[in-house]
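Peer 1: Attaching a single structure in structure tokens format; questions to follow.
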Amino acid sequence: MTVPPLLGLSPSRPYKRCKVEVHFFLTSSYMAHDYESEAMGKFLLPSQPDEGNFTSRTAYETMLKAYQCNHMCAMEAREWWKQGEWIEDARQEAEAARVQAAEQSRKHHHLEEEEAEASMSVKCCK
């Protein structure tokens with residue numbers, strides 16, 4: 001089985017090759033962040049106590065309560081950190097969009113000024 005080329009004319013792909021310009025603005029939405037894995041590395045969970053390592057039940061239960069408290073604290077710290085990262089990414093993305101919109105607006109006004117000057121020079125020459 002032959003595979004037709006990705007671009008160009010072929011019976012299975014009847015479209016023409018054309019030049020396409022794409023501009024990418026690298027914002028947080030384009031960058032893949034694995035916050036869960038990063039948070040797991042930053043906020044390590046404590047080791048769960050093994051009941052077989054304790055001689056008394058009360059000592060084990062005391063250590064188990066401490067473990068549960070430390071585990072919950074680490075999980076909460078992970079969530080707070082991830083939310084902070086998401087908020088910062090959203091802020092950066094909004095700032096990038098604002099800068100991009102300002103740049104497009106500046107270019108639009110510049111083109112309007114050039115068109116106005118061109119129309120004035122055409123009127124003057126008549």
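Peer 1: On a straight-distance basis, which aspartates and glutamates could pair with Lys42 in a cross-link, Cα separation under 19 angstrom, same-chain partners fewer than 8 positions away excluded?
Peer 2: Output for Lys42: Asp34, Glu76, Glu79, Glu85, Glu88, Asp89.
Peer 1: Relative to the present Cα-Cα distance, how much length would full extension add between Asp34 and Arg98 at 0.36 nm per residue of separation? Spell out each step's value before the answer.
Peer 2: Values: separation 64, 0.36 × 64 = 23.04 nm, distance 2.57 nm.
Full extension of this stretch gives 20.5 nm more.
A short reminder: the numbers here are calculations on the coordinates, not readings from a lab. Quick caveat: nothing in here was measured; it's all calculated off a predicted structure.
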